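The values are calculated or read from the model by the stated rules, or taken from the named source; none is laboratory data. Remember, it's a predicted structure, so these values are computed and weren't measured experimentally. All Cβ positions, even for glycine, are placed from backbone atoms using ideal geometry, and neighbour counts span all protein chains on display.
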């Protein structure tokens with residue numbers, strides 16, 4: 001099962017303090033659908049304009065990126081450079 | 001010490017070489033057309049009316065006297081623009097609130113900083129436009145203002161926006177304030193980490209707002225045709241960004257605007273938004289004539305984005321052997337007049353070079369009566385690094401340890417978890433430290449009043465959407481069209497990569513920058529993304545072109561395409577049927593293109609992922625004059641993991657340029673305001689950027705740890721080199737004087753006062 005790791009603030013507000021969530025999902029869109037099903041409001045709080053790191057690789061506009069059984073997923077702010 | 005630097009063993013014919021840049025001759029000979037160089041028949045000249053107040057309510061604007069002046073053809077105010085709702089949407093590099101962008105381009109109800117645009121006029125000459133602008137009457141109700149970030153956070157501070165409520169705090173505030181947002185990151189348990197520490201260093205720091213200092217002011221020419229189509233010629237870091245932002249601000253369809261990019265005389269992040277382009281289109285629409293707007297240097301300083309000044313607190317704990325046990329930082333960044341400082345990015349980057357089990361960052365985005373900040377190389381990172389790297393230097397002194405050894409002991413490596421969450425993949429930070437240790441600079445003796453500082457820095461690097469098209473000409477030459485303005489020599493890099501993949505001579509590849517009607521969407525030139533992301537698109541376009549060339553060769557040979565391979569710029573038959581087929585060079589296939597199906601080209605659009613992060617380590621030697629407080633940079637070395645340098649000279653130039661800008665940030669640059677919130681040094685005479693005579697030759701070391709996310713191993717290189725210099729210079733001055741530098745700039749009067757206060761002179 002993939003591990004979704006939330007920043008503590010989000011975990012406190014939406015998952016009862018559970019910062020590491022385990023999810024079975026073949027791809028990113030399935031993963032966020034499952035997160036929203038389990039924790040209503042979580043994805044809205046994370047926001048539509050966010051980046052995601054899947055196994056250390058940062059994606060700025062993900063949709064169907066594959067999620068492996070042992071993947072680690074982090075949500076993070078969009079990164080704008082100069 | 002740890003690993004030896006990894007060096008590429010694979011060599012290429014073109015990648016990694018240093019040919020003359022394709023745009024070089026035009027730029028040296030003065031033929032290159034920059035934003036202000038465009039002229040059109042019947043063109044009018046615009047001028048912008050700007051606020052003399054730092055904070056004021058606009059009671060009325062009267063343009064009638066200006067419009068009565070013969071030769072004046074149009075005037076616009078916020079009334080000529082849609083009153084956009086406040087909503088965050090995708091747009092620029094980060095989520096954009098287009099209401100804020102609109103209000104920054106032209107004030108509606110309030111002016112929020114000196115220089116804020118309130119109206120614009122167009123007339124038949126620049127002088128007449130200036131005269132007309134002076135005749136625009138604006139009735140202001142002057143309001144109290146606030147400039148300093150800490151003062152702006154006070155409950156009794158003048159509030160800029162009555163609808164701004166701090167996000168990220170619980171419970172949500174019920175009163176408006178200047179504190180736009182709080183964000184934070186936590187890793188492990190910092191309380192436990194500090195409890196385990198044997199040495200703790202904690203210090204507060206301050207930096208001033210600094211401007212990107214691009215040599216070319218903002219400039220745009222716009223037309224608006226009777227069919228509602230607008231065309232803009234302008235200098236920017238992204239023609240597609242200008243098109244999207246202008247369309248949004250004017251309520252136009254994106255397809256109704258064509259943006260033609262000029263050459264760009266620097267941007268460094270400061271040209272990733274719009275200021276005058278929507279005004280030029282609005283004036284062109286109203287006058288029915290082309291309109292040109294060019295900012296003066298004073299306008300650039302007063303009305304375009306510097307990067308944030310910042311208040312920073314950093315605390316680190318370590319064992320006696322130097323192993324870090326905990327790190328905390330609090331960052332309070334000036335956003336300028338509208339939310340959107342890079343505080344969060346500072347929080348994500350400050351500790352990134354280090355493997356710290358327990359760390360946290362608390363980041364505050366604060367508005368005040370300054371021009372809205374804009375991106376500046378590695379936005380937010382240099383200030384956070386100034387705090388972290390200074391505290392690490394002090395920690396090394398307390399531990400009696402070499403500052404390089406301290407960094408090596410704690411260096412992030414593949415598998416290290418960053419404070420912002422993910423684990424790093426292949427990175428080359430430790431390799432930069434090793435390169436620093438073996439560099440002759442590190443062991444050179446120092447004289448009296450001299451000191452040596454070292455500091456490191458990190459930037460994520462990004463990818464994103466890019467497009468590229470390759471057209472094979474009838475004679476076998478090729479055109480490579482991309483959608484990113486060339487700021488740092490990217491034309492050469494695109495041509496080198498295309499030549500390498502196609503297997504043809506670099507001189508036969510002509511790189512071109514397409515306008516918004518000539519190439520598919522490409523995200524802007526910023527975030528050190530072009531050589532990586534657009535380069536990846538070029539490589540894929542070259543692959544697509546080769547696939548087509550192989551098909552055409554198969555047709556000429558009358559064999560199946562599966563029996564054709566591409567090597568050294570030629571098609572080779574692999575079919576063993578007894579027929580002797582000489583290889584077909586690209587030029588020969590191109591010459592027969594019409595016989596085999598028509599023109600040959602390859603075009604791709606991608607959303608590039610896999611940008612490898614970058615790390616750098618800088619060494620700085622200074623000499624301090626104890627009588628004046630003057631600081632001379634004696635020697636400077638910038639070392640960086642660049643993945644793979646496509647054109648090493650331009651990579652070295654990025655490192656040198658970033659270091660030079662960082663040295664200016666450290667030593668002299670600052671925005672100086674008077675008691676009324678008016679900028680006092682809005683000129684390059686009074687805003688002291690370093691010039692060539694201020695700097696030594698900046699040595700560079702390119703460490704090449706390949707990025708597996710790019711065909712040639714490229715990492716972005718433009719952001720990282722401005723991250724370490726603030727601390728590298730400050731640490732050098734601290735060691736030269738024995739006084740810890742905790743505020744920038746280290747200008748002579750400031751340093752002299754600090755030395756006097758410390759009893760050092």
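Only one residue in B:291, B:300, B:274, B:221 is under 19 Å from residue B:122 (Cβ atoms), touching a residue at least 60 places away in the same chain (Cβ under 8 Å), out of contact with any strand residue (DSSP E or B) (no Cβ under 7 Å at 6 or more places or on another chain) and buried (at least 21 other Cβ atoms within 10 Å of the Cβ). Which one? Explain how you work it out, then say what you get.
On the way: B:291 fails: out of contact with any strand residue (DSSP E or B) (no Cβ under 7 Å at 6 or more places or on another chain); B:300 fails: under 19 Å from residue B:122 (Cβ atoms); B:221 fails: out of contact with any strand residue (DSSP E or B) (no Cβ under 7 Å at 6 or more places or on another chain).
Of B:291, B:300, B:274, B:221, the one residue that is under 19 Å from residue B:122 (Cβ atoms), touching a residue at least 60 places away in the same chain (Cβ under 8 Å), out of contact with any strand residue (DSSP E or B) (no Cβ under 7 Å at 6 or more places or on another chain) and buried (at least 21 other Cβ atoms within 10 Å of the Cβ) is B:274.
Would you point out which residue out of B:51, B:102 is buried (at least 19 other Cβ atoms within 10 Å of the Cβ), farther than 23 Å from residue B:251 by Cβ and modelled with pLDDT of 95 or more?
Details: B:102 fails: farther than 23 Å from residue B:251 by Cβ.
B:51 is the lone residue from the list that is buried (at least 19 other Cβ atoms within 10 Å of the Cβ), farther than 23 Å from residue B:251 by Cβ and modelled with pLDDT of 95 or more.
Given the conditions (1) within 30 Å of residue B:87 (Cβ to Cβ); (2) buried (at least 24 other Cβ atoms within 10 Å of the Cβ); (3) more than 14 Å from chain A (Cβ to nearest Cβ), and given that residue B:387 satisfies all but one, which numbered condition is not satisfied?
That leaves (1) as the condition not met.
Look at residue A:22 and say whether it is surrounded by 15 or more Cβ atoms within 10 Å (Cβ to Cβ) and either modelled with pLDDT of 95 or more or within 14 Å of another protein chain (Cβ to nearest Cβ) (or both).
Numbers: surrounded by 15 or more Cβ atoms within 10 Å (Cβ to Cβ): no; either modelled with pLDDT of 95 or more or within 14 Å of another protein chain (Cβ to nearest Cβ) (or both): yes.
When the stated conditions are applied, residue A:22 does not pass them.
Taking residue B:378, is it assigned to a loop (DSSP other than H, G, I, E, B) and under 22 Å from residue B:407 (Cβ atoms)?
Numbers: assigned to a loop (DSSP other than H, G, I, E, B): yes; under 22 Å from residue B:407 (Cβ atoms): yes.
Judged against the criteria, residue B:378 is a match.
Yes/no per residue for (1) touching a strand residue (DSSP E or B) at 6+ places or on another chain (Cβ under 9 Å); (2) under 17 Å from residue B:266 (Cβ atoms); (3) away from chain A (no Cβ under 14 Å):
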site: B:482; (1), (2), (3): yes, no, yes
site: B:486; (1), (2), (3): yes, yes, yes
site: B:494; (1), (2), (3): yes, no, yes
site: B:508; (1), (2), (3): yes, no, yes
site: B:514; (1), (2), (3): yes, no, yes
site: B:519; (1), (2), (3): yes, no, yes
site: B:525; (1), (2), (3): no, yes, no
site: B:530; (1), (2), (3): yes, yes, no
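Is at least one residue of the stretch B:326-333 surrounded by fewer than 21 Cβ atoms within 10 Å (Cβ to Cβ) and either modelled with pLDDT under 95 or under 21 Å from residue B:385 (Cα atoms) (or both)? Write out each step before concluding.
Here is the first cut: in the stretch B:326-333, the ones surrounded by fewer than 21 Cβ atoms within 10 Å (Cβ to Cβ) are B:330.
Then keep just the ones that are either modelled with pLDDT under 95 or under 21 Å from residue B:385 (Cα atoms) (or both); that gives B:330.
Looking for residues that are surrounded by fewer than 21 Cβ atoms within 10 Å (Cβ to Cβ) and either modelled with pLDDT under 95 or under 21 Å from residue B:385 (Cα atoms) (or both), one finds at least one in the stretch B:326-333, hence yes.
Where residues in the stretch B:181-196 are in contact with a strand residue (DSSP E or B) (Cβ under 7 Å, 6 or more places away or on another chain) and more than 14 Å from every other protein chain (Cβ to nearest Cβ), which of them is surrounded by the most Cβ atoms within 10 Å (Cβ to Cβ)?
Ranking the candidates gives B:193 first.
What pairs come out if I take residues in the stretch B:63-75 that are modelled with pLDDT of 95 or more and pair them with residues that are surrounded by fewer than 24 Cβ atoms within 10 Å (Cβ to Cβ) and assigned to a loop (DSSP other than H, G, I, E, B) whose C-beta lies under 6 Å away, six or more apart or interchain?
These pairs meet every condition: B:63/B:136; B:66/B:136; B:71/B:124; B:75/B:63.
Select the strands (runs of 3 or more DSSP E) contained entirely in the stretch B:66-146, then report the ones holding at least 3 residues which are touching a strand residue (DSSP E or B) at 6+ places or on another chain (Cβ under 6 Å), more than 14 Å from every other protein chain (Cβ to nearest Cβ) and within 16 Å of residue B:275 (Cα to Cα). Break it down into steps so the answer makes sense when it comes.
Working: elements: B:72-76, B:117-123, B:137-142.
Those strands (runs of 3 or more DSSP E) span B:117-123.
Having 2 or more residues that are out of contact with any helix residue (DSSP H, G or I) (no Cβ under 7 Å at 6 or more places or on another chain) and more than 14 Å from every other protein chain (Cβ to nearest Cβ) is the bar; report the strands (runs of 3 or more DSSP E) wholly within the stretch B:283-374 that clear it.
Values: elements: B:291-294, B:310-318, B:324-336, B:359-367.
Of the strands (runs of 3 or more DSSP E) lying wholly inside the stretch B:283-374, those with at least 2 residues that are out of contact with any helix residue (DSSP H, G or I) (no Cβ under 7 Å at 6 or more places or on another chain) and more than 14 Å from every other protein chain (Cβ to nearest Cβ) span B:310-318, B:324-336.
Out of B:466, B:490, I need the residue that is closer than 22 Å to residue B:611 by Cα and within 14 Å of chain A (Cβ to nearest Cβ). Which one?
Numbers: B:490 fails: within 14 Å of chain A (Cβ to nearest Cβ).
Every option except B:466 fails the conditions.
Of the residues B:130, B:122, B:157, B:117, which is surrounded by fewer than 24 Cβ atoms within 10 Å (Cβ to Cβ), within 23 Å of residue B:249 (Cα to Cα) and in contact (Cβ under 8 Å) with a residue 12 or more places away in the chain? Spell out how you get there, then give the answer.
Values: B:130 fails: within 23 Å of residue B:249 (Cα to Cα); B:122 fails: surrounded by fewer than 24 Cβ atoms within 10 Å (Cβ to Cβ); B:157 fails: within 23 Å of residue B:249 (Cα to Cα).
One residue alone meets the criteria, B:117.
Test each condition in (1) more than 14 Å from chain A (Cβ to nearest Cβ); (2) under 26 Å from residue B:528 (Cα atoms); (3) part of a loop (DSSP other than H, G, I, E, B) for residue B:401 and report the one that comes out false.
The number of the failed condition is (2).
Which of the residues belonging to the stretch B:154-168 are in contact with a strand residue (DSSP E or B) (Cβ under 6 Å, 6 or more places away or on another chain) and over 27 Å from residue B:59 (Cα atoms)?
Scanning the stretch B:154-168 gives B:166, B:167, B:168.
Any residue in the stretch B:511-520 that is closer than 22 Å to residue B:715 by Cα and either crowded, with 24+ Cβ neighbours inside 10 Å or without any contact (Cβ under 8 Å) to a residue 40 or more places away in the chain (or both)? Please lay out each step first, then the result.
First, the residues of the stretch B:511-520 that are closer than 22 Å to residue B:715 by Cα: B:511, B:513.
Okay, now just the ones that are also either crowded, with 24+ Cβ neighbours inside 10 Å or without any contact (Cβ under 8 Å) to a residue 40 or more places away in the chain (or both), so B:511, B:513.
Yes, there is a match, as at least one residue in the stretch B:511-520 is closer than 22 Å to residue B:715 by Cα and either crowded, with 24+ Cβ neighbours inside 10 Å or without any contact (Cβ under 8 Å) to a residue 40 or more places away in the chain (or both).
Tell me whether the stretch B:432-452 contains one or more residues that are away from every other protein chain (no Cβ under 13 Å), modelled with pLDDT of 95 or more and within 24 Å of the chain's Cα centre (by Cα). Steps first, please.
Of all residues in the stretch B:432-452, those away from every other protein chain (no Cβ under 13 Å) come to B:432-452.
Still in the list and also modelled with pLDDT of 95 or more: B:432-452.
Narrowing the set further to residues that are within 24 Å of the chain's Cα centre (by Cα) leaves B:432.
The answer is yes, given that some residue of the stretch B:432-452 is away from every other protein chain (no Cβ under 13 Å), modelled with pLDDT of 95 or more and within 24 Å of the chain's Cα centre (by Cα).
State all residues of the stretch A:25-41 that are surrounded by fewer than 19 Cβ atoms within 10 Å (Cβ to Cβ) and not in a helix (DSSP H, G or I); if no residue qualifies, say none.
Let us first name the residues in the stretch A:25-41 that are surrounded by fewer than 19 Cβ atoms within 10 Å (Cβ to Cβ), namely A:26-27, A:29-30, A:33-34, A:36-38, A:40-41.
Answer for the stretch A:25-41, where residues must be surrounded by fewer than 19 Cβ atoms within 10 Å (Cβ to Cβ) and not in a helix (DSSP H, G or I): A:26, A:27, A:40, A:41.
Would the stretch A:42-52 turn up any residue that is in a helix (DSSP H, G or I), out of contact with any helix residue (DSSP H, G or I) (no Cβ under 9 Å at 6 or more places or on another chain) and more than 8 Å from every other protein chain (Cβ to nearest Cβ)?
No: zero hits.
Count, please, the residues in the stretch B:150-168 that happen to be within 12 Å of residue B:365 (Cα to Cα), outside any loop (DSSP other than H, G, I, E, B) and away from every other protein chain (no Cβ under 14 Å).
Here the count works out to 2.
With the structure loaded, tell me whether residue B:465 is touching a strand residue (DSSP E or B) at 6+ places or on another chain (Cβ under 9 Å), part of a loop (DSSP other than H, G, I, E, B) and either buried (at least 24 other Cβ atoms within 10 Å of the Cβ) or in contact (Cβ under 8 Å) with a residue 12 or more places away in the chain (or both) or whether it fails that test. Steps first, please.
Working: touching a strand residue (DSSP E or B) at 6+ places or on another chain (Cβ under 9 Å): yes; part of a loop (DSSP other than H, G, I, E, B): no; either buried (at least 24 other Cβ atoms within 10 Å of the Cβ) or in contact (Cβ under 8 Å) with a residue 12 or more places away in the chain (or both): yes.
The answer is no for residue B:465.
On the basis of being out of contact with any helix residue (DSSP H, G or I) (no Cβ under 9 Å at 6 or more places or on another chain) and either over 22 Å from residue B:371 (Cβ atoms) or not in a loop (DSSP other than H, G, I, E, B) (or both), does residue B:47 make the cut? Before the answer, list the steps.
Numbers: out of contact with any helix residue (DSSP H, G or I) (no Cβ under 9 Å at 6 or more places or on another chain): no; either over 22 Å from residue B:371 (Cβ atoms) or not in a loop (DSSP other than H, G, I, E, B) (or both): yes.
No, not satisfied.
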